[in-house]
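Asker: One structure, as structure tokens, below. Some questions next.
The numbers here are math on the coordinates, done by the rules we state, and not lab data. All values reported here derive from a predicted model rather than from experimental measurement. Here the Cβ positions follow ideal geometry from the backbone for every residue, glycine too, while neighbour counts run over all protein chains shown.
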Amino acid sequence: MPTEKVLGRSNYDTLCARVSFVSSCAILRDAASFLKASLVVVLAFVNSPATANTIDSSLTPMSEERSPCTAFTDDATYVDFSIRMQLEDRHVPMRVPKQYFEDFWDRKSGYETTSQLFSVEIGSFAPVSRPETSKRNRVGVHNWFTFNTTDVVPLDEVAAIHMKLSILIKDRKRISGVFTRLPGPHGLYELGFSGVQPQFRRPENVYIAESPSKGLTSVLECDAPDSVLNPGCQLNFRASGMDVTLNFQRSDLPNWREFQADTTQFLNCATSSGA
């Protein structure tokens with residue numbers, strides 16, 4: 001089947017060096033990734049990049065009428081702070097209702113940080129506390145996701161790094177940094193390796209989404225179904241002048257567009273661009 005080459009990146013070491021400058025743990029997760037890969041070897045999973053694109057039946061229902069900015073009212077108590085974009089050497093002022101901050105040090109205005117984590121309920125976009133997420137996890141209810149506003153490398157480099165981290169270290173130098181693109185689920189394209197194939201690949205899928213006017217708009221890295229106890233996905237995109245990393249359950253992959261759209265709307269309300 002013909003394939004299209006995209007994201008031609010061969011200098012992986014340079015990419016990783018750049019990512020390690022900011023939020024390297026959030027993007028790379030190198031040690032954890034290969035620990036998981038070792039467990040997968042023991043469990044004898046196949047080394048195909050996309051042996052299954054199916055999901056389970058626990059998809060979280062979402063209403064077409066959603067208002068992520070409901071809490072942004074005139075009488076709300078707000079926290080004013082700013083995200084420092086280290087790679088871009090600038091600041092993004094934010095103003096968010098106080099109930100979205102769980103830790104007391106985040107509930108005081110005037111601070112500057114390189115990243116800010118939020119946990120919200122799917123659909124309502126109401127804040128979900130750590131005790132509440134723990135309670136829901138215990139009963140198998142995963143109707144929430146987290147997202148982090150920060151500053152990382154461009155999306156094409158994020159995609160290349162995800163591909164690199166899915167293979168063994170010894171394979172990285174002999175594998176081309178040019179990837180194939182095949183039709184994937186839910187309006188996505190799945191990336192694969194062009195030419196020489198790795199001896200082993202961790203059971204995961206790397207997807208991208210593109211816009212005719214904006215080019216690459218989203219990068220997703222998902223655990224393959226049944227490869228871990230609770231397969232998850234990481235979604236990277238740009239919103240309100242910041243880089244966003246959003247984490248959710250693999251079973252909610254069909255909702256990825258809604259997650260990105262709702263988070264973008266929330267961040268527009270929280271920044272000067274949304275005022």
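Asker: Would you kindly derive the ³J(HN,Hα) couplings of the range 137-145 from the backbone phi angles with the Karplus curve 6.51 cos²θ - 1.76 cosθ + 1.60 (θ = phi - 60°), listing them in order in whole Hz, with x for Gly and Pro?
Answerer: For the range 137-145, the Karplus curve yields 4, 5, 9, x, 9, 10, 8, 8, 8 Hz.
Asker: Here's a follow-up. At 0.36 nm per residue, and after removing the present C-alpha to C-alpha distance, how many nm does the segment from Glu88 to Asp75 gain when stretched out fully?
Answerer: 1.3 nm
Asker: At 0.36 nm per residue, and after removing the present C-alpha to C-alpha distance, how many nm does the segment from Phe104 to Thr133 gain when stretched out fully?
Answerer: So the extension gain works out to 8.6 nm.
Asker: Cα atoms only: what Rg and Dmax, in Å, come out for the range 151-275?
Answerer: When restricted to the Cα atoms of the range 151-275, Rg and Dmax are 15.4, 51 Å.
Asker: Let me ask something additional. Arrange the peptides 212-225, 60-73, 78-91 so that the one whose residues have, on average, the most other Cβ atoms within 10 Å appears first.
Answerer: So the order, starting with the most tightly packed, is 212-225, 78-91, 60-73.
Asker: Okay, next question. Going by amide H atoms built from the backbone, whose H comes under 5 Å of the H on Met85, apart from near neighbours?
Answerer: The answer is Arg90, His91, Val92.
Asker: Near the amide H of Glu210, under 5 Å away, which other amide H atoms are found, from residues 5 or more places off or on another chain, if H is placed in the peptide plane?
Answerer: Residues meeting the amide H criterion: Thr217.
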